[in-house]
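Below: one structure, written as structure tokens.
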Amino acid sequence: MSTFQDRKVTGIVFNIQKYSVHDGPGIRTIVFTKGCPLSCRWCSNPESQLLKPQMAFNATRCIGTDKCHYCIPACPYQSITSEGNALNIDCTHCTECESLACSKACPAGSIITYGQTRTVEDVLNAVAQDAIFYTRSGGGMTISGGEPLFQKDFALALLREARRRRIKTAIETCGCYEWERLEEAAHQLNYVLYDVKHTDSEKHKWATGVGNELILANLKKLVETFPELPVQVRTPVIPGFNDDEETARSIGKLLKGYANVTYEALPYHRLGTQKYAFLGREYPMGEVSLPAGVAERVQAIVDEERGAK
């Protein structure tokens, strides 16, 4: 595809986060795209899962119907009513709504739109604003989500155009899609962050909604087909799911012998739980927490098993 065509490709983006130092080498700008084939119980970006803009409500920002009621007539489904001075929002139709007019009408920003259609050119113009930091730190652009390759055409166009602008590229991926997507993306990537949540497919399906056969097969193809491409495998260490020694050793065995692979165990956190309330959803993990030192123990076991120094 030509440069002109790539710049005009559109995708749904819900955030562009600058000055990140945790999502690839150096200082990076993270482009968060919507849509994901997984529904992880601990997902910290629940607004990323649906492949379309959607509405959310932060009641603490609402200034009350005695001062404002613009959202009520704006809703095409008449799903917003008032109870005294407070709003009552029935989100039943929100995933079907194309206009999201209530969000546009809210002057206080209490009704939030997660997701906006943007062009590759628009996104990269924002990314390029911090080019001086990338040059000095070895950083660049990371596409995250959701799952970046869920919006395949947009992600690939974004990667190609970034490379044309000499911006280093990375993706954070769950690996759950046909191999050809990852293969095509790999030619445009400088770095890959690849999630391995569990080696047991049934347990993986219980926690994420899908099995892991395709995910593990794609990882093996990636590290063997592109031996010069750095791949960092990451495991979110989730209490009661994959925080045991047996799982850690199985992950270590899976990664053994690959010179282009590094590994990081990420401790479970509760960041993002508030967004479930905004979306009218219950957080699936409840009040569980990860004891101190567990992620470090998983890291040590995996490193030992795969023979990392």
Nearby aspartates and glutamates by direct alpha-carbon distance to Lys67 (threshold 20 angstrom, same-chain neighbours under 8 apart not counted)
Glu83
Going by alpha carbons, how many degrees (0 to 90, nearest 10) lie between the helix axis of 245-255 and the longest principal axis of the chain?
70
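Can you divide the C-alpha Rg of region 61-114 by 2.2 N^0.38 Å and report the result to two decimal places? Let's see the in-between values first.
Details: Rg = 10.3 Å, N = 54, 2.2 N^0.38 = 10.0 Å.
So region 61-114 has a normalised radius of gyration of 1.03.
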Roughly speaking, to the nearest percent, how much of region 107-207's 1.4 Å accessible area is carbon and sulfur?
44
Kindly state, to the nearest 0.05, the FRET efficiency for Lys52 paired with Asp244, given R0 = 30 Å and r defined as their beta-carbon distance.
0.20
Return the tail of the calculated pair distribution for region 1-136, meaning the percent of Cα-Cα pairs more than 20 Å apart.
58
Tell me, in nm to one decimal, what length is gained between Ser44 and Asn85 on full extension, where the rule is 0.36 nm per residue of separation less the Cα-Cα distance?
11.6 nm
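Could you sort out which of Lys104/Lys152; Lys8/Lys168; Lys152/Lys275 sit more than 24 Å apart by Cα distance in this structure?
Listed pairs above 24 Å: Lys104/Lys152; Lys152/Lys275.
Need one number: convex hull volume per residue for region 242-309, Cα atoms only, in Å³.
Hull volume over Cα atoms, normalised by residue count, gives 111 Å³.
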How big is the chain by the Kirkwood estimate over distinct Cα pairs, in Å?
20.8
Toward the positive end of the charge dipole of the chain, about the Cα centre and with charges on Cβ (Lys, Arg +1; Asp, Glu -1), which of Tyr19, Thr247, Pro46 goes farthest?
Tyr19
With +1 on the Cβ of every Lys and Arg and -1 on the Cβ of every Asp and Glu, the dipole magnitude of region 58-143 about its Cα centre, in debye rounded to the nearest 20, is 280
Cα-based Rg and Dmax for region 196-309, where Dmax is the largest Cα-Cα distance (Å)
15.3, 46
Applied in sequence order to region 18-34, the curve 6.51 cos²θ - 1.76 cosθ + 1.60 (Karplus, θ = phi - 60°) yields integer Hz couplings, x standing for Gly and Pro, of 9, 6, 8, 10, 10, 10, x, x, x, 8, 9, 10, 9, 9, 9, 10, 8
At a Cα cut-off below 16 Å, give the lysines reachable from Lys256, other chains included and same-chain residues fewer than 8 away excluded.
Lys220, Lys221, Lys309
With a 1.4 Å probe and every protein chain left in place, work out the accessible area per residue of the chain in Å², rounded to a whole number.
48
In Hz, Karplus ³J(HN,Hα) per residue of region 202-212 (6.51, -1.76, 1.60; θ = phi - 60°; x = Gly, Pro):
5, 5, 4, 5, 4, 8, 10, x, 9, x, 10
Pull up all non-local amide H partners of Ile112: gap of 5 or more, or a different chain, and H-to-H distance under 5 Å with H placed in the peptide plane.
Ala56, Phe57, Asn58
Pulled fully out, how much extra length does the chain show between Glu282 and Lys203, if you take 0.36 nm times their separation in residues and subtract their Cα-Cα distance?
26.3 nm
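The values are calculated or read from the model by the stated rules, or taken from the named source; none is laboratory data. Predicted, not measured: the structure shown is a model, and the values here were computed from it. Don't worry about glycine lacking a Cβ; one is built from the backbone with ideal geometry, like all the others, and counts go over all protein chains shown. The area values use the complete protein model at the heavy-atom level, side chains included, leaving out ligands, DNA and RNA. Shrake-Rupley method; radii C 1.70, N 1.55, O 1.52, S 1.80 Å.
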